Amino acid sequence: MPDEQPYDFRAVERPWQQRWERDGIYVVREGDARPRYYVLEMLPYPSGDLHVGHAKNYTLGDAIARLQRMRGYDVIHPMGWDAFGLPAENAAIQRGIDPETWTRQNIENMERQIRLMGTGYDWTREFATCDAEYYRWNQWFFLRMFEKGIAYKREAPVNWCPVDQTVLANEQVENGRCWRCGAAVERRNLSQWNFKITDYADRLLAGLDRLDGWPERIRTMQRNWIGRSEGTTFSFDVEHVEATTIDVYTTRVDTVYGVTFLALAPEHPAVAKIIERFPKVRKRIEEFAASLRSKSELERTQLMEKTGIPTGAYAINPLSRERVPIWVTNYVLAEYGTGAVMGVPAHDERDFDFAKQHGLPIMQVITTPDGSLQSPLSEAYVEDGKLIASDEYTGMRSAVARRAITARLVALGRGRATVAYRLRDWLVSRQRYWGTPIPIVYCPDHGAVAVPDDQLPVVLPKAVKITGQGSPLANDPGFMQTTCPTCGGPATRDPDTMDTFVDSSWYFVRYLDPHNARAPFDRAVAARWMPVDQYIGGAEHAVLHLLYARFFYKFLVDAGYAEGDDEPFTRLFNQGTLLRGGEKMSKSRGNVVGIDETVETYGVDAMRLFLLKAAPPEDALEWTDEGIVGRVRFIQRVWRAAEPLAAAARAVTLDRLPELRGPWQRELVRALHVALDSGRGETETRRFHYNVTTAKLDELVNLLTAAVREPGAASDPALLYAVHALPIVLAPFAPHLADELWSRMGYAQSVHLERWIETDPAALAVDEITLVVQVNGKVRARLVVAPGIGEEAVFDLALREPSVTAQIDGKQVRKRIFVPDKLLNIVAA
């Protein structure tokens, strides 16, 4: 063959991207009769520059979308921007740049980079969550929740970030620190808006059982976060304090006879009544309470030493009638449970430590099932067992006793069976500027009043001074001063904005009808596409975005705005991280490899192939220059082998297998169909191990490279068939190279609009296989045999191998283990 020019990715890739965009080949059309498939990566925050770690995620989603489109699906694959958030405000403070200007500039750059990657997004559906046309519907949904009592305001202790000067949801506090800036979180009492996600706790739990397309670890994390438990709530009377009772909740009511103290949160309402009756302890308790006001929930419940102040008051156990001292402690929180905990030191590790520290009694009331465990205890016995020292319940098993004791408390009018949750309502108020304004005004006469729908959106004002101290909107009179929609009198707006997780809790439905000016989306349009078939994103969102989105979509279905299954994401895939030098790639570590420099040096397709091939997509992947250089060589080998034959290859049909004139032809066509079958199989099973498929492509190209050197190869139908099919099997992974080869075959239509070639079983069939022979588990021979050969025939052949007979000479064959077409293991002794 004549010498050919090397593949010039710079001359190929950008023109193809422009043509795909011009022809709109990724735009979803109405009326398409093909089955629908919705693939989506979590929308990115526009932080500035993308690096190849981001490209790993988008390349996987793009490969899935391309392959499913070629397999006959009408694929929707949109892209947009999670554009509100604190980084834009921080940029305003640090650089004096308007948050919207900073955000729009970043969007422009990141969109350019994502397009540069050759991704097949439907850009006609693009929006940013900071678009007023989008956050208008955040406000509209807020008002619908407000009308139904799901959005409500209350004063409560909240997590406060002193650096970002804003409230954080529990899920946004990580190890006692702000998830954004890392500052130590404080506790403050503020009046805040909440969404009543707790009303959906049971449905959120039940829905997880149906999500078998989700990673089990994500489902487990959500179950643990919701934290459903079944127990008993009952009351203790407070001695010498009139009309005062203290309710406690416990999952271990079988230990009620072992209560030796009650622990209260300093904010518990009974504390105020107790210090009125026992004024000598007032100062100590008030000082103790004041010392805890700046402490985070994590500090109080896990990090701090467990301590407290005795109040001098006693409670009466409703069953044993024993007097137990009441303590104010640092580890009980008012907003969790009842704000009071019954202390059972013998059967709770925390109570045991507290009792030891403060000299409180430890009363054992549960022993092991065989009765062998006796006092004094060296540590708390926390397992179920058999009750002792518990009046008529002595001798009962724990599970039986829990039912019996609960029934007794109910009969006495002192208790009830209770289901409790760790989950708390979603706190959505934020004291910042760059977010969705809360559509509520406050009137002196009418209180909190909803902004009428025809006045939405409540638009963020321009040129607001952002200092990082408090709520910027509260200091803008032009925004704050308004009129009451009810009476027309003077009123003030709510100065807070919504948690940005509201923005990402329903965006996936807006993508389906992004230009609708009359509604957030058309219900019928959404019903045609929802739920999302394949969602792709990081595991770090397990109890943030993913939980909130599930709640929000259930609300949409309940309210009649959406229909069908109330779970929004059928399947979830968590991609692995990209490493460099053994550490996660990030700007702060200085180990980032930029997309622009990578594409300029190596080309888009080489980058894509490396990111797909080097490891399974759920695993961490180490970036290496050697690895991507290897993909550059692969592309050049494809080009050298296939391009000179492109024009001739089109003459060989892909509708049936070609004439196979000899062994190398059969091996080549089989390798092609193995690669095709791998791409199909990895997509159908939703494993997405395209690293396996690209390895099969390596094998195919190795054979192709060897085949073009065979005598008469240029006109061989098997070789031309393989060359003709090659752009199709390359298309999801190296889209530019594939379309360039396809066009050189004379096709006017993009290869990405072609159908994936169905695997032909005849092509996968082989004439001979290699079967391993072991003796006592060690490999002693390899036999080349016909497929389907029986065990006796294999054994006879094995006995002709000197390496086998040498191992069994003089021994008795006691057992044979035969795996058809794979292995014979001879056990001899």
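Would region 457-597 count as rounded, prolate or oblate if I go by the C-alpha gyration tensor, calling it rounded below 1.5 in a/c and otherwise prolate when a/b exceeds b/c, oblate otherwise? Here region 457-597 falls in the oblate category. Beyond 23 Å in Cα-Cα separation lie the following of the pairs Lys295/Lys465; Lys196/Lys295; Lys462/Lys554; Lys778/Lys822; Lys696/Lys822: Lys295/Lys465; Lys196/Lys295; Lys462/Lys554. Here the accessible area is traced with a 1.4 Å probe on the protein chains. For region 405-490, carbon and sulfur cover 53 percent of it.
Between the helical axis of 86-95 and the longest alpha-carbon principal axis of the chain there is an angle of about 90 degrees.
The residues Asp605, Asp209, Asp596, sorted by heavy-atom accessible surface at 1.4 Å with ligands and nucleic acids left out, run Asp209, Asp596, Asp605 from largest to smallest. Shown in residue order for region 139-145 are the 3J(HN,Hα) couplings computed by the Karplus curve 6.51 cos²θ - 1.76 cosθ + 1.60 at θ = phi - 60°: 5, 4, 5, 4, 5, 5, 5 Hz (x for Gly and Pro). Accessible surface area normalised per residue over region 435-512 is 39 Å², counting heavy atoms of protein chains with a 1.4 Å rolling probe.
The angle between the Cα long axis of helix 282-292 and the longest principal axis of the Cα atoms of the chain comes to about 10 degrees, rounded to the nearest 10.
Between Pro461, His446, Thr406, the Cα set farthest toward the positive side of the dipole of region 404-514 (charges on each charged residue's Cβ, about the Cα centre) is that of Thr406.
For the residues Leu579, Leu50, Leu799, a 1.4 Å probe over the protein chains yields an accessible-area ranking, largest first, of Leu799, Leu579, Leu50.
Would you mind putting 311-318, 357-364, 51-58 in packing order, based on average other-beta-carbon counts within 10 Å, highest first?
Details: 311-318: 20.5, 357-364: 16.1, 51-58: 23.1.
Order by mean packing, descending: 51-58, 311-318, 357-364.
Projecting label points 7 angstrom from Cα along Cα→Cβ for Lys273 and Leu303 puts them 3.5 nm apart.
The modelled label-to-label distance between Thr653 and Lys815, using points 7 Å beyond Cα along the C-beta direction, is 5.4 nm.
With the simple model of a label 7 Å out from the Cα in the direction of the Cβ, Glu792 to Arg282 spans 10.2 nm. The sum of -39500 (n - 2.57) across all DSSP H runs of n ≥ 4, divided by the residue count of the chain, sets its helix-only mean residue ellipticity at 222 nm to -11000 deg cm²/dmol.
Amide H to amide H, with H built 1.01 Å from N, Asp496 comes under 5 Å of Ile438, counting only residues 5 or more places away or on other chains. Residues in region 363-368 carry Karplus couplings, in order, of 10, 6, 10, 10, 10, 5 Hz; the curve used is 6.51 cos²θ - 1.76 cosθ + 1.60 with θ = phi - 60°, and Gly or Pro positions show x.
For Val593, nonlocal amide neighbours, meaning residues 5 or more places apart or on other chains whose placed amide H falls under 5 Å from its own, are Val52, Gly53.
Taking 0.36 nm per residue of separation and subtracting the Cα-Cα distance, full extension of the segment from Glu30 to Ser588 would add 196.4 nm.
Seen from Ala450, the other residues with C-beta closer than 11 Å to its C-beta sum to a net charge of -2, counting Lys and Arg as +1 and Asp and Glu as -1.
Once you have a ≥ b ≥ c as the square roots of the Cα gyration tensor eigenvalues for region 220-332, tell me rounded if a/c is under 1.5, and otherwise prolate or oblate according to whether a/b is larger than b/c.
Details: a/c = 2.22, a/b = 1.14, b/c = 1.95.
In terms of gyration-tensor shape, oblate.
Compute the long axis of helix 545-558 from its Cα atoms, compare it with the longest principal axis of the Cα atoms of the chain, and write down the angle in degrees, 0 to 90, nearest 10. With rounding to tens, the tilt is 80 degrees.
Scoring 502-512, 373-383 by mean Cβ neighbours within 10 Å over their residues and listing the highest first yields 502-512, 373-383.
Near Ala313, the amide H atoms lying under 5 Å from its own belong to Ile326; only residues 5 or more places off or on other chains count, and H is placed 1.01 Å from N. Normalised by residue count, region 353-474 yields a Cα convex hull volume of 287 Å³ per residue. With all protein chains in place and a 1.4 Å probe, the accessible surface of region 570-657 carries 46 percent carbon and sulfur. Region 247-265 and region 1-65 have Cα centres separated by 60 Å.
Which percent of the accessible area of region 96-211 is formed by carbon and sulfur heavy atoms (probe 1.4 angstrom)? Don't jump to the answer; show the numbers that get you there.
Numbers: 1950 of 4440 Å².
Carbon with sulfur: 44 percent of the solvent-accessible area.
Couplings for region 246-253, taken from phi via the Karplus curve 6.51 cos²θ - 1.76 cosθ + 1.60 with θ = phi - 60°, read 10, 8, 10, 10, 8, 8, 10, 5 Hz in order; Gly and Pro are left as x.
How would you classify the chain from its alpha-carbon gyration tensor, with a ≥ b ≥ c the square roots of the eigenvalues: rounded for a/c under 1.5, else prolate if a/b is greater than b/c, otherwise oblate?
On the way: a/c = 2.72, a/b = 1.48, b/c = 1.84.
Oblate, because a/c is 1.5 or more while a/b does not exceed b/c.
The values are calculated or read from the model by the stated rules, or taken from the named source; none is laboratory data. Computed from a prediction, not measured in an experiment: that's the story for all the values here. When we count neighbours, we look across all protein chains shown, and the Cβ atoms used for this are built from the backbone with ideal geometry, even at glycine. When the accessible area is computed, the model is the full protein with side chains, heavy atoms only, and any ligands, DNA or RNA have been set aside. Shrake-Rupley method; radii C 1.70, N 1.55, O 1.52, S 1.80 Å.
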